[in-house]
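Q: To start, I am sharing the structure in question, which I have written as C-alpha coordinates.
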Amino acid sequence: MVTRSWRPVLAALATLALVGACSSGTEEPTENEAVQPATTSCASSGDLTMWERSGGNKQMVDLLVEAWNKKNPDCKINLTYIPHTEMVGKIAQGIASGEVPDLMGMDLIYAPQFEKAQQLVDLTDRIKSWPELATASKGHMTVATFEERLYGVPLYADVSALFYNKDLFARAGLDPEKPPTSLTELREYADKITALGGDIKGYYLPGNCAGCNIFTVGPLMWASGAKIEAVDGNDEPLTGDGVKQVLQFARDMVKAGNVHQGDRAENGETFHLQFGTGKVGMMGTGNFNITLARQQNPKMKFGIGLLPGASPNSSASFIGGDLVVVPRGSERVADAVNFMKFLLSDEVQVEVYAKALNLTTRTDMTKNKYFEAEPLVQDVAKALEVGRTPYTLTFFEQINSPQGPWLQMLQKAYYSDEDLDKVIADAKTAMKNVASQG
(Lines give C-alpha, C1' and ligand atoms only; values in the text may rest on other atoms or scores of the structure.)
Protein backbone atom coordinates (compact mmCIF):
# COMPACT_ATOMS: atom_id res chain seq x y z
CA MET A 1 0.00 0.00 0.00
CA VAL A 2 1.24 3.51 -0.76
CA THR A 3 0.23 5.30 2.41
CA ARG A 4 3.79 5.88 3.56
CA SER A 5 5.17 9.42 3.39
CA TRP A 6 8.45 9.31 1.41
CA ARG A 7 9.82 12.74 2.30
CA PRO A 8 13.44 11.81 1.44
CA VAL A 9 12.46 10.49 -1.97
CA LEU A 10 12.85 13.76 -3.89
CA ALA A 11 16.48 14.22 -2.93
CA ALA A 12 17.15 10.53 -3.53
CA LEU A 13 15.68 10.62 -7.01
CA ALA A 14 17.63 13.77 -7.80
CA THR A 15 20.77 11.84 -6.86
CA LEU A 16 19.58 8.97 -9.00
CA ALA A 17 19.10 11.22 -12.03
CA LEU A 18 22.64 12.52 -11.65
CA VAL A 19 24.04 9.01 -11.38
CA GLY A 20 22.01 7.93 -14.39
CA ALA A 21 23.41 10.79 -16.45
CA CYS A 22 26.87 9.37 -15.85
CA SER A 23 25.84 5.80 -16.62
CA SER A 24 27.16 3.95 -19.64
CA GLY A 25 23.98 1.94 -20.20
CA THR A 26 22.42 -1.33 -19.15
CA GLU A 27 24.51 -4.37 -18.41
CA GLU A 28 24.38 -7.20 -20.93
CA PRO A 29 24.86 -10.83 -19.98
CA THR A 30 28.02 -12.56 -21.08
CA GLU A 31 27.74 -15.10 -23.87
CA ASN A 32 27.69 -18.02 -21.42
CA GLU A 33 25.12 -16.34 -19.18
CA ALA A 34 22.90 -15.51 -22.11
CA VAL A 35 22.43 -19.14 -23.09
CA GLN A 36 21.97 -20.51 -19.58
CA PRO A 37 18.30 -21.30 -18.92
CA ALA A 38 16.99 -20.10 -15.57
CA THR A 39 16.35 -22.67 -12.86
CA THR A 40 15.09 -22.48 -9.28
CA SER A 41 18.52 -23.41 -7.90
CA CYS A 42 21.99 -21.89 -7.53
CA ALA A 43 23.83 -20.65 -10.60
CA SER A 44 27.01 -20.31 -8.50
CA SER A 45 28.08 -20.86 -4.91
CA GLY A 46 28.44 -18.43 -2.02
CA ASP A 47 25.92 -16.39 -0.08
CA LEU A 48 23.85 -13.70 -1.78
CA THR A 49 22.96 -10.31 -0.33
CA MET A 50 19.47 -8.87 -0.62
CA TRP A 51 17.95 -5.57 0.53
CA GLU A 52 14.25 -5.12 1.18
CA ARG A 53 12.29 -2.23 2.67
CA SER A 54 10.76 -2.64 6.10
CA GLY A 55 7.03 -2.79 6.60
CA GLY A 56 4.10 -5.17 6.57
CA ASN A 57 5.77 -7.21 3.83
CA LYS A 58 8.38 -8.64 6.24
CA GLN A 59 6.59 -11.85 7.14
CA MET A 60 6.03 -12.80 3.49
CA VAL A 61 9.55 -11.94 2.33
CA ASP A 62 11.04 -13.82 5.29
CA LEU A 63 9.11 -16.92 4.25
CA LEU A 64 10.24 -16.65 0.64
CA VAL A 65 13.90 -16.26 1.56
CA GLU A 66 13.64 -19.10 4.07
CA ALA A 67 12.17 -21.36 1.36
CA TRP A 68 14.98 -20.44 -1.07
CA ASN A 69 17.66 -21.02 1.58
CA LYS A 70 16.24 -24.42 2.46
CA LYS A 71 16.31 -25.47 -1.19
CA ASN A 72 19.66 -23.82 -1.94
CA PRO A 73 22.05 -24.12 1.05
CA ASP A 74 25.06 -23.42 -1.20
CA CYS A 75 23.86 -19.93 -2.14
CA LYS A 76 21.76 -18.71 0.76
CA ILE A 77 20.32 -15.21 0.70
CA ASN A 78 21.36 -12.90 3.53
CA LEU A 79 18.42 -10.50 3.83
CA THR A 80 18.74 -6.98 5.21
CA TYR A 81 15.76 -4.72 5.89
CA ILE A 82 16.19 -1.01 5.26
CA PRO A 83 13.75 1.47 6.91
CA HIS A 84 11.19 2.28 4.23
CA THR A 85 11.84 6.01 4.56
CA GLU A 86 15.52 5.44 3.73
CA MET A 87 15.27 2.76 1.06
CA VAL A 88 15.19 4.87 -2.12
CA GLY A 89 18.06 7.04 -0.94
CA LYS A 90 20.16 4.04 0.11
CA ILE A 91 19.66 2.37 -3.26
CA ALA A 92 20.64 5.52 -5.15
CA GLN A 93 23.72 6.03 -2.96
CA GLY A 94 24.73 2.37 -3.22
CA ILE A 95 24.55 2.43 -7.00
CA ALA A 96 26.59 5.64 -7.08
CA SER A 97 29.30 4.12 -4.87
CA GLY A 98 29.23 0.63 -6.35
CA GLU A 99 28.25 -0.90 -3.01
CA VAL A 100 25.09 -2.70 -4.00
CA PRO A 101 23.41 -5.94 -2.95
CA ASP A 102 23.13 -8.85 -5.36
CA LEU A 103 19.38 -8.34 -5.61
CA MET A 104 16.72 -6.29 -3.87
CA GLY A 105 13.04 -5.74 -3.29
CA MET A 106 11.82 -2.35 -4.52
CA ASP A 107 8.55 -0.50 -4.00
CA LEU A 108 7.08 -1.09 -7.44
CA ILE A 109 5.84 2.46 -7.85
CA TYR A 110 9.38 3.87 -7.99
CA ALA A 111 10.78 1.34 -10.44
CA PRO A 112 10.28 3.49 -13.59
CA GLN A 113 12.60 6.20 -12.24
CA PHE A 114 15.39 3.69 -11.64
CA GLU A 115 14.79 2.02 -14.99
CA LYS A 116 14.97 5.31 -16.86
CA ALA A 117 18.20 6.20 -15.03
CA GLN A 118 19.67 2.83 -16.15
CA GLN A 119 20.38 1.80 -12.58
CA LEU A 120 18.75 -1.63 -12.80
CA VAL A 121 20.04 -4.57 -14.84
CA ASP A 122 18.07 -5.17 -18.03
CA LEU A 123 16.80 -8.75 -17.68
CA THR A 124 14.83 -8.96 -20.93
CA ASP A 125 16.97 -11.53 -22.71
CA ARG A 126 17.08 -13.71 -19.61
CA ILE A 127 13.38 -13.79 -18.70
CA LYS A 128 11.23 -12.71 -21.67
CA SER A 129 10.42 -16.29 -22.71
CA TRP A 130 9.18 -17.42 -19.30
CA PRO A 131 5.61 -18.72 -19.54
CA GLU A 132 4.98 -17.62 -15.94
CA LEU A 133 5.10 -13.98 -17.02
CA ALA A 134 1.87 -14.39 -18.96
CA THR A 135 -0.08 -14.56 -15.70
CA ALA A 136 2.21 -12.49 -13.45
CA SER A 137 0.50 -9.51 -11.80
CA LYS A 138 -0.24 -7.01 -14.56
CA GLY A 139 0.36 -4.05 -12.28
CA HIS A 140 3.80 -5.28 -11.30
CA MET A 141 4.81 -6.14 -14.84
CA THR A 142 3.64 -2.74 -16.10
CA VAL A 143 6.10 -0.88 -13.89
CA ALA A 144 8.79 -3.56 -14.38
CA THR A 145 8.86 -2.56 -18.06
CA PHE A 146 10.56 0.50 -19.50
CA GLU A 147 10.78 1.11 -23.24
CA GLU A 148 9.79 -2.53 -23.84
CA ARG A 149 12.61 -3.88 -21.65
CA LEU A 150 12.06 -5.97 -18.52
CA TYR A 151 13.72 -5.23 -15.19
CA GLY A 152 12.04 -7.41 -12.57
CA VAL A 153 9.21 -9.66 -11.45
CA PRO A 154 6.70 -9.45 -8.58
CA LEU A 155 7.98 -10.09 -5.07
CA TYR A 156 4.69 -9.63 -3.24
CA ALA A 157 1.36 -7.94 -3.88
CA ASP A 158 -1.05 -5.65 -2.08
CA VAL A 159 -4.43 -5.03 -3.68
CA SER A 160 -7.27 -2.71 -2.77
CA ALA A 161 -10.83 -3.95 -2.45
CA LEU A 162 -14.13 -3.03 -0.81
CA PHE A 163 -14.44 -4.47 2.69
CA TYR A 164 -17.96 -4.43 4.13
CA ASN A 165 -19.37 -5.18 7.56
CA LYS A 166 -21.94 -7.97 7.24
CA ASP A 167 -23.30 -7.32 10.72
CA LEU A 168 -24.13 -3.71 9.82
CA PHE A 169 -25.52 -4.81 6.46
CA ALA A 170 -27.95 -7.13 8.23
CA ARG A 171 -28.99 -4.46 10.74
CA ALA A 172 -29.62 -2.00 7.89
CA GLY A 173 -31.78 -4.49 5.99
CA LEU A 174 -29.17 -5.15 3.30
CA ASP A 175 -28.20 -8.57 1.97
CA PRO A 176 -24.91 -9.49 3.71
CA GLU A 177 -23.89 -11.59 0.72
CA LYS A 178 -24.27 -8.81 -1.87
CA PRO A 179 -21.79 -5.93 -1.76
CA PRO A 180 -22.52 -2.88 -3.94
CA THR A 181 -21.53 -3.14 -7.59
CA SER A 182 -21.82 0.54 -8.60
CA LEU A 183 -21.32 3.98 -7.09
CA THR A 184 -25.07 4.43 -6.94
CA GLU A 185 -25.48 1.28 -4.85
CA LEU A 186 -22.53 2.27 -2.72
CA ARG A 187 -24.29 5.54 -1.85
CA GLU A 188 -27.62 3.82 -1.22
CA TYR A 189 -26.08 1.25 1.09
CA ALA A 190 -24.09 3.90 2.95
CA ASP A 191 -27.25 5.95 3.55
CA LYS A 192 -28.99 2.96 5.11
CA ILE A 193 -26.06 2.04 7.33
CA THR A 194 -25.55 5.62 8.53
CA ALA A 195 -29.26 5.73 9.38
CA LEU A 196 -28.60 3.14 12.10
CA GLY A 197 -27.33 6.08 14.14
CA GLY A 198 -24.92 6.29 17.01
CA ASP A 199 -21.28 6.38 15.96
CA ILE A 200 -21.87 4.20 12.90
CA LYS A 201 -21.17 5.55 9.43
CA GLY A 202 -21.74 3.94 6.07
CA TYR A 203 -18.38 4.72 4.47
CA TYR A 204 -14.80 5.77 5.09
CA LEU A 205 -12.81 8.43 3.24
CA PRO A 206 -9.23 9.19 4.36
CA GLY A 207 -9.14 12.97 4.16
CA ASN A 208 -5.46 13.80 4.57
CA CYS A 209 -3.62 10.86 3.02
CA ALA A 210 -2.61 11.02 -0.62
CA GLY A 211 -1.48 7.39 -0.76
CA CYS A 212 -4.60 6.04 0.93
CA ASN A 213 -6.72 7.79 -1.68
CA ILE A 214 -4.86 6.59 -4.76
CA PHE A 215 -5.14 3.11 -3.26
CA THR A 216 -8.90 3.27 -2.62
CA VAL A 217 -10.45 6.21 -4.49
CA GLY A 218 -8.23 5.94 -7.55
CA PRO A 219 -9.80 2.58 -8.45
CA LEU A 220 -13.29 4.13 -8.31
CA MET A 221 -12.12 6.51 -11.04
CA TRP A 222 -10.43 3.78 -13.07
CA ALA A 223 -13.56 1.65 -12.86
CA SER A 224 -15.48 4.66 -14.19
CA GLY A 225 -13.23 4.95 -17.24
CA ALA A 226 -10.86 7.67 -16.02
CA LYS A 227 -7.09 8.00 -16.24
CA ILE A 228 -5.35 9.78 -13.37
CA GLU A 229 -1.60 10.27 -13.69
CA ALA A 230 0.51 11.73 -16.49
CA VAL A 231 3.29 9.41 -17.65
CA ASP A 232 5.41 12.40 -18.70
CA GLY A 233 5.04 15.97 -19.88
CA ASN A 234 3.44 14.90 -23.16
CA ASP A 235 0.68 12.95 -21.45
CA GLU A 236 -2.68 14.27 -20.27
CA PRO A 237 -3.69 13.53 -16.64
CA LEU A 238 -7.19 13.37 -15.15
CA THR A 239 -9.05 12.40 -18.31
CA GLY A 240 -12.48 10.82 -18.61
CA ASP A 241 -15.88 11.56 -17.06
CA GLY A 242 -15.06 9.22 -14.17
CA VAL A 243 -12.86 11.83 -12.47
CA LYS A 244 -15.74 14.25 -11.91
CA GLN A 245 -18.25 11.47 -11.26
CA VAL A 246 -16.18 10.08 -8.40
CA LEU A 247 -15.37 13.49 -6.94
CA GLN A 248 -19.07 14.35 -6.94
CA PHE A 249 -19.86 10.99 -5.35
CA ALA A 250 -17.32 11.60 -2.59
CA ARG A 251 -18.52 15.18 -1.97
CA ASP A 252 -22.09 13.93 -1.70
CA MET A 253 -21.07 11.20 0.75
CA VAL A 254 -19.40 13.76 3.02
CA LYS A 255 -22.35 16.16 2.83
CA ALA A 256 -24.78 13.33 3.59
CA GLY A 257 -22.91 12.56 6.80
CA ASN A 258 -21.88 9.11 5.62
CA VAL A 259 -18.31 9.49 6.89
CA HIS A 260 -16.98 10.27 10.36
CA GLN A 261 -15.84 13.84 11.00
CA GLY A 262 -12.48 12.53 12.19
CA ASP A 263 -11.81 10.96 8.78
CA ARG A 264 -10.79 14.39 7.52
CA ALA A 265 -7.57 14.28 9.56
CA GLU A 266 -6.52 10.76 8.53
CA ASN A 267 -2.92 10.97 7.28
CA GLY A 268 -2.39 7.24 6.87
CA GLU A 269 -1.08 6.44 10.32
CA THR A 270 -4.34 4.85 11.52
CA PHE A 271 -5.91 4.06 8.15
CA HIS A 272 -5.36 0.30 8.55
CA LEU A 273 -7.16 0.27 11.90
CA GLN A 274 -10.45 1.85 10.83
CA PHE A 275 -12.37 -1.09 9.44
CA GLY A 276 -11.73 -3.27 12.48
CA THR A 277 -13.50 -0.80 14.78
CA GLY A 278 -16.84 -2.17 13.61
CA LYS A 279 -18.17 1.37 13.14
CA VAL A 280 -17.65 1.59 9.37
CA GLY A 281 -20.09 -0.07 7.00
CA MET A 282 -17.87 -0.09 3.90
CA MET A 283 -14.30 0.89 3.22
CA GLY A 284 -11.73 0.64 0.50
CA THR A 285 -8.69 -1.03 2.03
CA GLY A 286 -6.17 -3.78 1.33
CA ASN A 287 -5.80 -7.53 1.66
CA PHE A 288 -3.70 -6.94 4.80
CA ASN A 289 -6.91 -5.98 6.60
CA ILE A 290 -8.26 -9.55 6.59
CA THR A 291 -5.96 -10.69 9.36
CA LEU A 292 -5.85 -7.32 11.08
CA ALA A 293 -9.63 -6.89 11.30
CA ARG A 294 -9.97 -10.37 12.75
CA GLN A 295 -7.38 -9.57 15.37
CA GLN A 296 -9.08 -6.30 16.25
CA ASN A 297 -12.65 -7.54 16.22
CA PRO A 298 -12.89 -11.37 16.30
CA LYS A 299 -16.71 -11.42 16.45
CA MET A 300 -17.27 -9.11 13.49
CA LYS A 301 -18.49 -10.76 10.30
CA PHE A 302 -17.33 -9.11 7.10
CA GLY A 303 -17.08 -9.68 3.37
CA ILE A 304 -15.01 -8.41 0.48
CA GLY A 305 -16.14 -7.10 -2.89
CA LEU A 306 -14.45 -5.18 -5.68
CA LEU A 307 -14.24 -1.39 -5.73
CA PRO A 308 -17.03 -0.33 -8.12
CA GLY A 309 -17.37 2.34 -10.79
CA ALA A 310 -20.20 4.50 -12.06
CA SER A 311 -21.70 1.76 -14.25
CA PRO A 312 -23.14 -1.42 -12.71
CA ASN A 313 -20.68 -4.31 -12.37
CA SER A 314 -17.64 -2.21 -13.23
CA SER A 315 -14.63 -2.54 -10.94
CA ALA A 316 -10.93 -1.84 -10.48
CA SER A 317 -8.15 -2.19 -7.94
CA PHE A 318 -4.78 -0.65 -7.12
CA ILE A 319 -2.00 -3.23 -7.23
CA GLY A 320 0.84 -2.29 -4.93
CA GLY A 321 3.71 -4.16 -3.36
CA ASP A 322 7.30 -4.79 -4.42
CA LEU A 323 9.32 -6.00 -7.37
CA VAL A 324 12.49 -8.04 -7.06
CA VAL A 325 15.15 -6.37 -9.21
CA VAL A 326 18.92 -6.43 -9.73
CA PRO A 327 20.85 -3.21 -9.10
CA ARG A 328 23.48 -2.18 -11.59
CA GLY A 329 26.83 -3.46 -10.36
CA SER A 330 25.56 -6.79 -9.02
CA GLU A 331 27.98 -9.65 -9.65
CA ARG A 332 25.37 -12.37 -9.12
CA VAL A 333 22.81 -11.61 -11.81
CA ALA A 334 22.27 -15.25 -12.80
CA ASP A 335 21.54 -16.23 -9.19
CA ALA A 336 19.17 -13.28 -8.81
CA VAL A 337 17.32 -14.37 -11.95
CA ASN A 338 17.04 -17.92 -10.62
CA PHE A 339 15.50 -16.52 -7.42
CA MET A 340 12.93 -14.76 -9.60
CA LYS A 341 12.18 -18.05 -11.37
CA PHE A 342 11.82 -19.65 -7.95
CA LEU A 343 9.31 -16.99 -6.82
CA LEU A 344 7.12 -17.54 -9.89
CA SER A 345 7.22 -21.33 -9.75
CA ASP A 346 3.97 -23.24 -9.18
CA GLU A 347 5.28 -24.78 -5.98
CA VAL A 348 6.27 -21.50 -4.34
CA GLN A 349 3.12 -19.73 -5.47
CA VAL A 350 1.00 -22.37 -3.73
CA GLU A 351 3.14 -23.76 -0.91
CA VAL A 352 4.67 -20.47 0.26
CA TYR A 353 2.44 -17.56 -0.82
CA ALA A 354 -0.95 -19.25 -0.68
CA LYS A 355 -0.17 -21.45 2.31
CA ALA A 356 0.60 -18.30 4.31
CA LEU A 357 -2.69 -16.81 3.00
CA ASN A 358 -0.80 -14.12 1.12
CA LEU A 359 -1.81 -13.24 -2.41
CA THR A 360 -0.14 -15.21 -5.15
CA THR A 361 1.62 -13.01 -7.69
CA ARG A 362 0.32 -15.08 -10.61
CA THR A 363 -3.38 -14.89 -11.37
CA ASP A 364 -3.56 -18.53 -12.51
CA MET A 365 -2.44 -19.67 -9.07
CA THR A 366 -5.37 -18.20 -7.11
CA LYS A 367 -7.35 -21.41 -7.35
CA ASN A 368 -5.63 -23.57 -4.76
CA LYS A 369 -6.51 -25.60 -1.68
CA TYR A 370 -5.43 -22.90 0.77
CA PHE A 371 -7.54 -20.14 -0.74
CA GLU A 372 -10.49 -22.49 -1.13
CA ALA A 373 -10.39 -23.02 2.63
CA GLU A 374 -10.32 -19.24 3.19
CA PRO A 375 -13.06 -17.56 1.11
CA LEU A 376 -12.04 -14.01 2.03
CA VAL A 377 -8.58 -14.46 0.53
CA GLN A 378 -10.20 -15.99 -2.52
CA ASP A 379 -12.48 -12.97 -2.79
CA VAL A 380 -9.71 -10.39 -2.46
CA ALA A 381 -7.58 -12.29 -4.99
CA LYS A 382 -10.19 -11.38 -7.63
CA ALA A 383 -8.79 -7.85 -7.48
CA LEU A 384 -5.64 -9.05 -9.24
CA GLU A 385 -7.71 -9.56 -12.39
CA VAL A 386 -8.96 -5.95 -12.48
CA GLY A 387 -5.98 -4.25 -10.84
CA ARG A 388 -3.56 -1.74 -12.23
CA THR A 389 -0.57 0.26 -11.07
CA PRO A 390 0.04 3.90 -12.06
CA TYR A 391 2.94 4.30 -14.46
CA THR A 392 4.74 7.60 -14.24
CA LEU A 393 8.23 8.93 -13.70
CA THR A 394 6.92 11.42 -11.13
CA PHE A 395 4.57 9.38 -8.96
CA PHE A 396 5.64 10.94 -5.68
CA GLU A 397 5.35 14.52 -6.89
CA GLN A 398 2.04 14.06 -8.75
CA ILE A 399 0.28 11.64 -6.43
CA ASN A 400 1.92 10.59 -3.19
CA SER A 401 3.22 13.89 -1.86
CA PRO A 402 1.20 15.30 1.06
CA GLN A 403 1.50 18.70 -0.68
CA GLY A 404 0.86 17.37 -4.18
CA PRO A 405 -1.93 18.18 -6.66
CA TRP A 406 -3.74 14.85 -6.19
CA LEU A 407 -4.49 15.35 -2.50
CA GLN A 408 -5.19 19.05 -2.95
CA MET A 409 -7.81 18.21 -5.57
CA LEU A 410 -9.45 15.59 -3.38
CA GLN A 411 -9.62 17.83 -0.32
CA LYS A 412 -11.27 20.61 -2.30
CA ALA A 413 -13.75 18.12 -3.72
CA TYR A 414 -14.53 16.50 -0.36
CA TYR A 415 -14.70 19.54 1.87
CA SER A 416 -15.50 22.65 -0.17
CA ASP A 417 -18.16 23.90 -2.53
CA GLU A 418 -15.66 24.99 -5.15
CA ASP A 419 -16.71 24.24 -8.72
CA LEU A 420 -15.49 20.72 -9.54
CA ASP A 421 -14.59 21.57 -13.12
CA LYS A 422 -12.23 24.26 -11.83
CA VAL A 423 -10.85 21.93 -9.16
CA ILE A 424 -10.06 19.31 -11.80
CA ALA A 425 -8.62 21.87 -14.24
CA ASP A 426 -6.27 23.28 -11.59
CA ALA A 427 -5.07 19.79 -10.62
CA LYS A 428 -4.62 18.86 -14.28
CA THR A 429 -2.38 21.89 -14.85
CA ALA A 430 -0.34 21.18 -11.73
CA MET A 431 0.13 17.50 -12.59
CA LYS A 432 1.19 18.31 -16.15
CA ASN A 433 3.73 20.84 -14.86
CA VAL A 434 5.17 18.23 -12.50
CA ALA A 435 5.29 15.58 -15.21
CA SER A 436 7.06 18.01 -17.57
CA GLN A 437 9.88 18.37 -15.04
CA GLY A 438 10.30 14.61 -14.52
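The values are calculated or read from the model by the stated rules, or taken from the named source; none is laboratory data. Predicted, not measured: the structure shown is a model, and the values here were computed from it. Please note: Cβ atoms are built from the backbone with ideal geometry, for glycine as well, and neighbour counts cover all protein chains shown. The area values use the complete protein model at the heavy-atom level, side chains included, leaving out ligands, DNA and RNA. Shrake-Rupley method; radii C 1.70, N 1.55, O 1.52, S 1.80 Å.
Q: Starting from the Cα-Cα distance between SER436 and ASP62, subtract it from 0.36 nm times their residue separation and give me the gain in nm to one decimal.
A: Gain on stretching SER436 to ASP62: 130.7 nm.
Q: Given contacts defined as C-alpha pairs under 8 Å and at least six residues apart, what's the relative contact order of the chain, whole-number percent?
A: 25 percent
Q: Output ³J(HN,Hα) for the stretch 55-72: one whole-Hz value per residue in order, computed from phi by the Karplus curve 6.51 cos²θ - 1.76 cosθ + 1.60 with θ = phi - 60°, and x for Gly and Pro.
A: Computed from phi, the couplings for the stretch 55-72 are x, x, 7, 4, 4, 5, 5, 4, 5, 5, 5, 4, 5, 4, 5, 5, 6, 10 Hz.
Q: Hey, what do the phi angles of the stretch 277-291 turn into as Karplus ³J(HN,Hα) couplings, whole Hz, using 6.51/-1.76/1.60 and θ = phi - 60°, x for Gly and Pro?
A: Computed from phi, the couplings for the stretch 277-291 are 5, x, 10, 10, x, 9, 7, x, 8, x, 4, 4, 6, 4, 5 Hz.
Q: Quote to one decimal, in nm, the extra length available between GLU372 and LYS279 on full extension: 0.36 nm per residue of separation minus the C-alpha distance between them. Let's see the in-between values first.
A: On the way: separation 93, 0.36 × 93 = 33.48 nm, distance 2.88 nm.
Gain in length upon complete extension: 30.6 nm.
Q: Treat each spin label as a single point 7 Å out from the Cα along the C-beta direction, and report the GLU86 to THR291 distance in nm.
A: Between GLU86 and THR291, the simple spin-label model gives 2.5 nm.
Q: If you fit an axis through the alpha-carbon atoms of helix 87-97 and take the longest principal axis of the Cα set of the chain, what angle between them do you get, 0 to 90°, nearest 10?
A: The helix 87-97 is inclined about 20 degrees to the chain.
Q: Tell me the net charge near GLN437. Cut-off is 15 Å between Cβ atoms, GLN437 excluded, with +1 for each Lys or Arg and -1 for each Asp or Glu.
A: -2
Q: If one takes the longest principal axis of the Cα atoms in the chain, at what angle in degrees, from 0 to 90 and to the nearest 10, does the Cα axis of helix 420-436 lie?
A: 10 degrees
Q: A further question on this structure: Rounded to whole Hz and in sequence order, give me ³J(HN,Hα) for the stretch 360-372 from the Karplus expression 6.51 cos²θ - 1.76 cosθ + 1.60, θ = phi - 60°, writing x for Gly and Pro.
A: 6, 9, 10, 5, 7, 9, 6, 8, 8, 5, 6, 5, 5
Q: Another question about this same structure. Highest mean first, what order results for 67-73, 418-424, 200-206 on Cβ atoms within 10 Å?
A: Taking the mean over residues of other Cβ atoms within 10 Å, the ranking is 200-206, 67-73, 418-424.
Q: How large is Rg over Rh for the stretch 52-199, taking Rg from the Cα atoms and Rh as the Kirkwood inverse mean of 1/r across Cα pairs?
A: Taking Rh as the inverse mean 1/r over Cα pairs, Rg/Rh reads 1.13.
Q: On to the next question. For LYS255, put the label point 7 Å out on the Cα→Cβ axis and report which residues of the stretch 389-419 keep their amide N under 17 Å from it.
A: Taking a point 7 Å out along Cα→Cβ of LYS255, the residues of the stretch 389-419 whose backbone N falls under 17 Å are 410-419.
Q: Quantify how much of the Cα-Cα distance distribution of the chain extends past 32 Å, in percent.
A: 37 percent
Q: Find which of GLY218, GLY276, VAL159 sits farthest along the positive direction of the dipole of the chain, computed with +1 on the beta-carbon of Lys and Arg, -1 on that of Asp and Glu, about the Cα centre.
A: Value computed over the given set: GLY276.
Q: Only four residue types carry charge here, +1 at the Cβ of Lys and Arg and -1 at the Cβ of Asp and Glu. Report the dipole size of the stretch 323-438 about the Cα centre in Debye, rounded to the nearest 20.
A: Working: 13 positive and 16 negative charges, 60 e Å.
Result for the stretch 323-438 is approximately 280 debye, rounded to the nearest 20.
Q: Next question. Let's test the formula: R0 of 41 Å, r as the Cβ-Cβ distance of ALA170 and GLU351. What FRET efficiency results, to the nearest 0.05?
A: The computed FRET efficiency comes out at 0.65.
Q: Then there is this: Sorted by average packing, counted as other Cβ atoms within 10 angstrom per residue and highest first, what order do 82-89, 54-61 take?
A: So the peptides 82-89, 54-61, ranked by packing, come out 82-89, 54-61.
Q: With a 1.4 Å probe and every protein chain kept in, tell me what percent of the accessible surface of the stretch 122-265 is carbon plus sulfur.
A: Using a 1.4 Å probe with all protein chains present, the stretch 122-265 comes out at 45 percent carbon and sulfur.
Q: Separate question: So what's the angle, to the nearest 10 degrees on a 0 to 90 scale, between helix 242-255 and the longest Cα principal axis of the chain?
A: Computed tilt is about 50 degrees.
Q: Over the Cα atoms, compute the radius of gyration (one decimal) and Dmax (the largest Cα-Cα distance, rounded to a whole number) for the stretch 277-398, in Å.
A: Looking at the stretch 277-398, its Cα Rg and Dmax stand at 17.3, 53 Å.
Q: Please label the shape of the stretch 107-157 as rounded, prolate or oblate, based on the square roots a ≥ b ≥ c of the eigenvalues of the alpha-carbon gyration tensor (a/c under 1.5 means rounded; beyond that, a/b larger than b/c means prolate, else oblate). Before the final figure, lay out the partial values.
A: Working: a/c = 2.08, a/b = 1.22, b/c = 1.70.
Note, shape of the stretch 107-157 comes out oblate.
Q: Skipping prolines and chain starts, which residues have an amide H placed within reach, meaning under 5 Å, of the one on LEU48, given they are 5 or more residues away or on another chain?
A: LYS76, ILE77, ASN78
Q: Set Lys and Arg Cβ to +1 and Asp and Glu Cβ to -1, take the dipole of the chain about its Cα centre, and tell me which of MET104, TYR391, ALA430 lies farthest positive.
A: It is ALA430, whose Cα lies furthest towards the positive end.
Q: If you don't mind, another one. With equal scatterers on the alpha carbons only and no solvent term, can you work out the Debye log10 of I(q)/I(0) for the stretch 261-315 at 0.16, 0.20, 0.25 1/Å?
A: -0.56, -0.81, -1.07
Q: Continuing with the same structure: Using the crude model of +1 on Lys and Arg Cβ and -1 on Asp and Glu Cβ, and no other charge, please compute the dipole size for the chain relative to its Cα centre, in debye to 20.
A: In total the dipole reaches around 1220 debye.
Q: What's the percent breakdown of Cα-Cα distances in the stretch 129-197 across 10 Å bins, shortest bin first?
A: All Cα pairs, binned at 10 Å, distribute as 16, 32, 13, 21, 15, 2 percent.
Q: Continuing with this model, one more query. Towards the positive end of the charge dipole of the chain, with charges on Cβ (+1 Lys, Arg; -1 Asp, Glu), say which of GLY233, MET253, ASN57 has the farthest Cα.
A: Final value for the positive-end residue is MET253.
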